[in-house]
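Read the structure below first, then the notes.
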Amino acid sequence: MKSSQLTRGKTSIRLALASVQWAFFILTGGLVAPIVVAAAFHLTGPETVGLLQRTLAVIGVSSLLQVLFGHKLPILEGPAGVWWGVFILLASSVEAGPASVTLLQQMEMGLLISGVLILLLSSFHVIAHVKKLFTPVVIGTYLLLLIFQFSSSIVKGILGVGYSDSYIHAQIALPALATLLFTFICGRLKYVFFRNFSVLLGVMFGYALFGLLGLIPAFPVLQMSFTLPSLFAWGKPEFNGGILLTTLVIALPLLINMIAAIVIVEKAAGRAAQNVYRRAGVVMGINQLLSGLFSAVGCVSNSHTAGFITSTQMTKRLPFILGCLIIIAISFFPFFTVALASIPVPVAFAVIFYSFTHLLTAGLREYEPILQEEKKLLVIGVALFAGVGSMFIPAASLAHTPDVMKPILNNGLIVGVLTSILFEQGIRGKDTFVSWLQTRSNQQQIFRERNSKHGVNDQSVL
């Protein structure tokens, strides 16, 4: 009896720790976007805290809906990079004040329209056709470009660039690197406990180290202890033709991100591929509507969850579900929201670095079966060249570009993935056409030979 109670106790403790670790991972995936968007629109302190609260609530609910009713995989539904980029790009075109408020109201409408559009695309099985385009070439390219896109921010974050100012400081970089090393060591130990909870242990170690060194900023003073997310916090949604066109263009990148995340996480979790894309698309449409209703950055399935799963070997749904519930509960209490948001950014990036190394490995493995195929290597080379090159295009250089194209041209990940899809399908179409011409030519040759023989026989009879 005591043995069974002890076993149940250990299981409960592991479940609690796994849930908290998922909550920290979800939190790190949702902190940066609202803070950056708030800064771009010059929001006040209370407005920034409100945006952070609403974003965490939407992330928690969106992730919960997907794991229960959508793809049913433990995947973080975090702020979509393409939406994040649109917010920042458009914010740079208006001045702080009434104009920026109007723009935020137009973005609310854009999120609502995207939700309706994705619901329609999912209902008419469009996602099933898009899924067929995700070959090993496209998936591998997506993963590598995802790493390249985040690598600059992660490395700068670990070195402390932007934490207090725009310079590297040894007093910030050294404890962050120590946190990175500690997380790596935990992840490589033979003890299962340390491997499974390396991320949580890394966060605790880094937070304690930064606290001892006095590098954690003080919490802002908050007036309310409990608040519920408010509907249309930026005001009544307003329609704008340019935002409508931008939303139509964004739909495809959102579907690409969702499909890639499902495919990659299925492999990381060791699960057989299942046809869950229509269901997941419907839930993603609902999640876009939630983002518009609660004035938050639109969410999408995040592929880097696969790196977290690989590094921690946490594939079960229950800890993830409990982690989502923790995040939702936290979003109701401003004090806890701000306290968790005080986790030093260098610590968060140091812990994420370990997960992203596993994601990079997964991307390289996608290329393994096709390394001897010259045409596919050519597609990879062109796509990576275009994607990485696009990452270095300054946002200011797109000032005279049509607004509808900015979200794509400013996103190297999307440029590279679309290039790989178009180039690979173009080569495949060309090969199919050449094969058809060759077959037709052979058939005509056979037909001519048969007619020729038939003519000779007729003459001999005469």
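The values are calculated or read from the model by the stated rules, or taken from the named source; none is laboratory data. Just so we're clear, the structure is a prediction, and the values are computed from it rather than from any experiment. Don't worry about glycine lacking a Cβ; one is built from the backbone with ideal geometry, like all the others, and counts go over all protein chains shown. The accessibility values were calculated without ligands, DNA or RNA, using every heavy atom of the protein model including side chains. Shrake-Rupley method; radii C 1.70, N 1.55, O 1.52, S 1.80 Å.
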Rounded, prolate or oblate, given the Cα gyration tensor of the range 79-141, with a/c below 1.5 counting as rounded? oblate
Quote the accessible area belonging to Phe447 in square angstrom, nearest 10, computed with a 1.4 Å probe and with ligands, DNA and RNA left uncounted. 130
Sites matching chymotrypsin sites (Phe, Trp or Tyr not before Pro) across the range 328-370 that sit in DSSP coil, with at most 16 neighbouring C-beta atoms within 10 Å: Phe332
Using only the alpha-carbon atoms, how far is helix 2-40 inclined from the longest principal axis of the chain? Give it as 0 to 90 degrees, nearest 10. 80
Calculate, for Ala395 and Phe335, the FRET efficiency according to 1/(1 + (r/R0)^6) with r their C-beta to C-beta distance and R0 45 Å; round to the nearest 0.05. 0.80
In this model, which of Lys132/Lys430; Lys376/Lys406; Lys72/Lys406 are farther than 27 Å apart at the alpha-carbon? Lys376/Lys406; Lys72/Lys406
In square angstrom, what is the accessible area per residue of the chain with a 1.4 angstrom probe? 48
Can you tell me the length gained on complete extension of the stretch Ser452 to Ser166, counting 0.36 nm per residue apart and subtracting the Cα distance? 94.7 nm
In whole Å, largest first, what are the principal axis extents of the Cα atoms in the range 286-368? 46, 31, 25
Between Lys236 and Leu17, Cβ-based FRET efficiency (R0 30 Å, step 0.05) works out to 0.10
In whole percent, how big is the carbon plus sulfur part of the accessible area of the chain, probe 1.4 Å, protein atoms only? 68
Could you give the distance between the Cα centres of the range 67-119 and the range 182-255, to the whole Å? 16
If you find the alpha carbon centre of the range 20-60 and of the range 381-413, how far apart are they in angstrom? 26
Peptides 323-331, 32-40: what's the order by average Cβ count within 10 Å, highest mean first? 323-331, 32-40
In the range 164-271, chymotrypsin sites (Phe, Trp or Tyr not before Pro) in a DSSP loop with at most 16 other beta-carbon atoms within 10 Å: Tyr167, Tyr191, Phe226, Phe232, Phe239
Sorted on mean Cβ neighbours within 10 Å (highest first), peptides 42-48, 56-62, 131-137, 250-256 come out as 56-62, 250-256, 131-137, 42-48
Under the rule of -39500 (n - 2.57) per DSSP H run of 4 or more residues, summed and divided by the residues of the chain, what mean residue ellipticity at 222 nm is obtained, to the nearest 500 deg cm²/dmol? -25000 deg cm²/dmol
Surrounding net charge for Gly60, when Lys and Arg each add one and Asp and Glu each subtract one, Cβ distance under 12 Å: 0
